[in-house]
1. When the Kirkwood radius is taken over all Cα pairs of the chain, what Stokes-Einstein diffusion coefficient follows at 25 °C and 0.890 mPa s, in µm²/s?
2. Pop out the ³J(HN,Hα) list for region 99-114 in order, Karplus 6.51 cos²θ - 1.76 cosθ + 1.60 with θ = phi - 60°, rounded to Hz; leave Gly and Pro as x.
3. Any chance you could give the angle, 0 to 90 degrees and rounded to 10, that helix 14-28 forms with the longest Cα principal axis of the chain?
4. What are the semi-axes of the equivalent ellipsoid of region 1-64, taken as the square roots of 5 times the eigenvalues of the Cα gyration tensor, listed largest first and rounded to whole Å?
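Quick note: the coordinates plus some simple rules give every number you see, no bench work behind them. What you see is a predicted model; the values in this text were computed from it and never measured.
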Amino acid sequence: MFCILAPAFSEKSAGIVALYKLYEEITAQKIPSALIEYRGIGDNFQLATADGEWQDIAYLQTFDVGNIIFIVPEVLSTDGFPVNARIARYYLNRLGAICPATARSDEFKITSNPIFLADYDFHLPQYLGKIKLDQLPKPELPRV
C-alpha cells in the first residue's frame, strides 16, 4: 500500500499537482493507496485523520507500517516517522530550498528533475497535463 502525504490541493503549486497526479496514477493501476492531507511544513506539521481531525506525527505510530510505503515531498521531515517505516521521498525541489527539512539515509529517493538531487534512485518527471507549445491550436484572428 502507498500512503502519499500531500497538502490541500492547489493548482497554483506544481509540486502539489504532481503529488495528486501520482496518487491518481497509482489508484488507476488498482494498487491500494491513500492520500493523507497534511498542513504545516518541515518538522512542524499535522496529518488529517479519516474522521477529519488533525493529529501530530505521532499519529503514524498507530499505523501497521509493515505493508506501507510512505511517499513524502521534500518539504517534510521524517524524523518522527516510525523507525521501521519505508519512505520514498519525492524531490519536487531541492531539500531545504523551501524550508528546513531532514531526510533519513535509508529513504528511497525519487526526483522530478535530476538538478534537484544528483544521487536519486528513480527519476519521475512531473506530469502537469500541459500541452507543448508547438501542439497548441493556432488562434484565429478576428475579422475586421
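1. Calculated translational D: 149 µm²/s.
2. For region 99-114, the Karplus-derived couplings read 7, x, 8, 10, 10, 6, 6, 9, 6, 7, 9, 10, 10, 7, 8, x Hz, x marking Gly and Pro.
3. Between helix and principal axis, roughly 80 degrees.
4. On the way: eigenvalues 79, 55, 16 Å².
Semi-axis lengths for region 1-64 are 20, 17, 9 Å.
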